[in-house]
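Have a look at the structure below, then the notes.
The values are calculated or read from the model by the stated rules, or taken from the named source; none is laboratory data. Fair warning: this is a prediction, and the values are worked out from it, not measured in the lab. Cβ sites come from the backbone with ideal geometry, for glycine too, and all protein chains shown count toward neighbours.
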């Protein structure tokens with residue numbers, strides 16, 4: 001993006017370039033002489049963590065603004081769920097049986113991207129964690145529609161690269177899980193959760209808690225695959241125990257396929273964030 005600002009002073013890029021062409025002396029080779037913003041060793045110091053947090057929040061924010069992205073549709077789901085064509089290689093029979101959700105995620109992302117294209121890819125832009133499995137299916141569905149999608153990757157010991165379907169200009173990488181989570185939800189116009197493991201459960205409950213406590217406005221919150229979710233989580237037991245309220249069970253809906261999910265999103269009437277917590281009135 002071009003910088004049209006007017007200033008009497010040289011910009012940072014110009015001075016960084018000049019600083020790289022100074023004479024080689026003991027003084028210019030000292031780490032102390034490096035410009036602070038160009039000194040990777042300095043930026044990675046423990047004391048600079050607040051600055052790094054700010055940079056990880058700001059960089060994607062600016063780049064998404066520059067691309068005109070106003071709202072997103074979040075797709076969470078398991079990295080280990082294979083495409084149907086690869087289900088014979090799945091680690092377990094259950095994973096193989098869940099492979100049809102790869103196709104549902106892909107179809108949903110395609111249809112949502114077609115909807116997004118009518119807004120010039122400004123609204124309802126698909127965002128995933130940028131990895132394999134359901135995430136790959138989401139970004140792949142956007143490619144099927146000829147549109148764009150976002151990938152919010154995180155540095156992990158076993159991850160090699162983002163999946164090949166993420167739009168390169170919208171492919172981000174994070175060090176801090178907390179900042180990545182913020183970017184998932186800051187522009188969310190809907191949240192779709194497919195079967196998954198610890199990471200998916202973490203993202204599911206983090207988002208649900210924000211809505212439950214009134215820290216986030218409600219959005220369509222869709223869980224794909226009732227059988228899976230009711231098998232691993234006894235939702236009614238939480239309400240019966242009183243650890244959540246009966247009304248909290250209305251914060252999400254179960255769907256089985258892309259068309260059901262689209263119908264819920266299209267029929268959604270926005271409501272404000274909660275002002276009190278049901279079951280905790282004093």
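Summary of computed values
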| read-out | value |
| --- | --- |
| Residues (touching a strand residue (DSSP E or B) at 6+ places or on another chain (Cβ under 8 Å) and either part of a loop (DSSP other than H, G, I, E, B) or farther than 25 Å from residue 134 by Cα (or both)) located in the stretch 71-103 | 71, 77 |
| Qualifying residue in the stretch 41-49 (condition: closer than 18 Å to residue 126 by Cα and either free of Cβ contacts under 8 Å to residues at least 24 places away in the same chain or under 22 Å from the mean Cα position of the chain (by Cα) (or both)) | no |
| Qualifying residue in the stretch 175-196 (condition: modelled with pLDDT under 95, surrounded by fewer than 19 Cβ atoms within 10 Å (Cβ to Cβ) and out of contact with any helix residue (DSSP H, G or I) (no Cβ under 6 Å at 6 or more places or on another chain)) | no |
| Qualifying residue in the stretch 57-73 (condition: in contact with a helix residue (DSSP H, G or I) (Cβ under 7 Å, 6 or more places away or on another chain), surrounded by 16 or more Cβ atoms within 10 Å (Cβ to Cβ), in contact (Cβ under 8 Å) with a residue 24 or more places away in the chain and within 18 Å of residue 200 (Cα to Cα)) | yes |
| Any hit, the stretch 208-219, residues being under 16 Å from the mean Cα position of the chain (by Cα), loosely packed, with under 15 Cβ neighbours inside 10 Å and under 27 Å from residue 95 (Cα atoms) | no |
| Unique residue being buried (at least 22 other Cβ atoms within 10 Å of the Cβ) and within 16 Å of the chain's Cα centre (by Cα) when the list is 148, 155, 127 | 127 |
| The stretch 23-39, subset over 37 Å from the mean Cα position of the chain (by Cα) and closer than 20 Å to residue 13 by Cα, residue surrounded by the most Cβ atoms within 10 Å (Cβ to Cβ) | 33 |
| The one condition in (1) closer than 16 Å to residue 190 by Cα; (2) in a helix (DSSP H, G or I); (3) touching a strand residue (DSSP E or B) at 6+ places or on another chain (Cβ under 7 Å) that residue 114 fails to fulfil | (3) |
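Rundown of residues vs (1) closer than 21 Å to residue 230 by Cβ; (2) in contact with a strand residue (DSSP E or B) (Cβ under 9 Å, 6 or more places away or on another chain); (3) touching a residue at least 40 places away in the same chain (Cβ under 8 Å); (4) not in a loop (DSSP other than H, G, I, E, B), yes/no style:
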{"residue": "244", "(1), (2), (3), (4)": "yes, no, no, no"}
{"residue": "254", "(1), (2), (3), (4)": "yes, yes, no, yes"}
{"residue": "260", "(1), (2), (3), (4)": "yes, yes, no, yes"}
{"residue": "264", "(1), (2), (3), (4)": "yes, yes, yes, yes"}
{"residue": "269", "(1), (2), (3), (4)": "no, no, no, no"}
{"residue": "274", "(1), (2), (3), (4)": "no, no, yes, no"}
{"residue": "277", "(1), (2), (3), (4)": "no, no, yes, no"}
{"residue": "280", "(1), (2), (3), (4)": "no, no, no, no"}
